[in-house]
Amino acid sequence: MGNPGREYEHTRHNVGADAVRLLAARSGQKLELEKGLRAEMAACTLPGGSVAVAVPTTYMNDSGLAVVALVRRCGIDAVSRLVVVHDELDLPTGRVKVKVGGGTAGHRGLGSIHAHLHDPGYVRVRIGIGKPPGRQPGAEYVLRRPGRSEQAVLAVAVDQAADAVATIVDAGVEVAMNQVNAAS
């Protein structure tokens with residue numbers, strides 16, 4: 001998930017979209033705008049099989065509109081086959097975790113997905129962006145580009161998140177959780 005437009009590229013809120021684009025690039029694919037889907041999408045071949053990867057072109061708070069359309073288009077018959085990659089304020093910067101189901105923790109993009117799917121049982125690859133410093137509002141924090149040292153940490157996390165999705169496809173969510181969640 002992420003926000004569309006150049007002004008939001010490489011912000012903390014877009015680390016999920018960055019990871020999906022990296023995953024597509026590793027497969028030699030580029031995300032293309034899909035008519036009627038509110039998303040950019042590509043078909044990727046990973047060691048575990050072929051998958052559709054996508055980044056909504058909606059704003060984060062409306063991600064559910066794109067996700068529900070993608071689920072229909074791709075014939076996903078169980079939300080447990082859906083993987084959502086997103087930023088997470090409740091994890092330290094650079095920490096990546098895999099999780100199945102759960103609440104939204106105030107993340108409006110996840111709230112939108114919950115509202116449209118009516119089922120929180122999808123897989124999540126969470127990329128930690130840390131809490132805002134001091135009294136800085138969360139919305140302001142997530143929509144800013146991080147400083148140079150934080151960018152380097154997040155670049156590694158984006159790479160790890162792309163690896164996590166590949167592991168989910170290749171070996172399953174349990175293996176991915178054991179590998180990724182124990183890594184740091």
Exercise for review: Can you confirm whether the range 170-182 contains a residue that is within 21 Å of Val55 (Cα to Cα), touching a Pro at 6+ places or on another chain (Cβ under 9 Å) and surrounded by 14 or more Cβ atoms within 10 Å (Cβ to Cβ)?
Suggested key: no
Review point. For Val98, are the conditions met, namely being modelled with pLDDT of 95 or more and either closer than 30 Å to Gly36 by Cα or in a strand (DSSP E or B) (or both)?
Key: yes
Point to revise | Among the candidates Glu34, Glu9, residue that is crowded, with 18+ Cβ neighbours inside 10 Å, modelled with pLDDT under 95 and of a type in the set (Asp, Glu) | key: Glu34
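Are any residues in the range 45-63 of a type outside the set (Asp, Glu), touching a strand residue (DSSP E or B) at 6+ places or on another chain (Cβ under 9 Å) and within 27 Å of Thr104 (Cα to Cα), and if so, which ones?
Hits for the range 45-63 are Val51, Ala52, Val53, Ala54, Val55, Pro56, Thr57, Thr58, Met60, Ser63.
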Check your understanding: What do you reckon, is Tyr141 under 17 Å from the mean Cα position of the chain (by Cα) and either under 30 Å from Gly28 (Cα atoms) or surrounded by 13 or more Cβ atoms within 10 Å (Cβ to Cβ) (or both)?
Key -> no
Study note, to complete from the structure: Note: among Gln160, Gln136, just one is assigned to a helix (DSSP H, G or I), out of contact with any Ser or Thr (no Cβ under 8 Å at 6 or more places or on another chain) and either modelled with pLDDT of 95 or more or surrounded by fewer than 16 Cβ atoms within 10 Å (Cβ to Cβ) (or both), namely Gln160
Exercise for review: With the checklist (1) more than 28 Å from Ala152 (Cα to Cα); (2) free of Cβ contacts under 8 Å to residues at least 24 places away in the same chain; (3) not in a helix (DSSP H, G or I) in hand, flag the one item Arg72 doesn't pass.
Suggested key: (3)
Practice item. Check whether at least one residue in the range 103-122 is buried (at least 23 other Cβ atoms within 10 Å of the Cβ), free of Cβ contacts under 8 Å to residues at least 60 places away in the same chain and touching a Lys or Arg at 6+ places or on another chain (Cβ under 6 Å), and report yes or no. Key: no
Review point. Would you pick out the residues in the range 142-168 that are hydrophobic (A, V, I, L, M, F, W, C) and farther than 17 Å from Asn3 by Cβ?
Key: Ala152, Val153, Ala155, Val156, Ala157, Ala161, Ala162, Ala164, Val165, Ala166, Ile168
**Study point:** Among residues of the range 27-44, those that are out of contact with any strand residue (DSSP E or B) (no Cβ under 8 Å at 6 or more places or on another chain) and touching a residue at least 12 places away in the same chain (Cβ under 8 Å), counted
**Key:** 1
Revision key, fill the gap. Among Val125, Val165, Val180, Val84, the single one that is part of a strand (DSSP E or B) and touching a helix residue (DSSP H, G or I) at 6+ places or on another chain (Cβ under 6 Å) is Val125
Review point. When the range 59-86 is examined, which residues are found to be among the polar types (S, T, N, Q) and over 14 Å from the mean Cα position of the chain (by Cα)?
Key: Ser80
Revision key, fill the gap. Subset of the range 37-69, residues among the acidic types (Asp, Glu) and in a strand (DSSP E or B), comes to Glu40
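The values are calculated or read from the model by the stated rules, or taken from the named source; none is laboratory data. Computed from a predicted model, the values in this text were never measured in an experiment. Note that each Cβ is placed from the backbone with ideal geometry, even for glycine, and that neighbours are counted across all protein chains shown.
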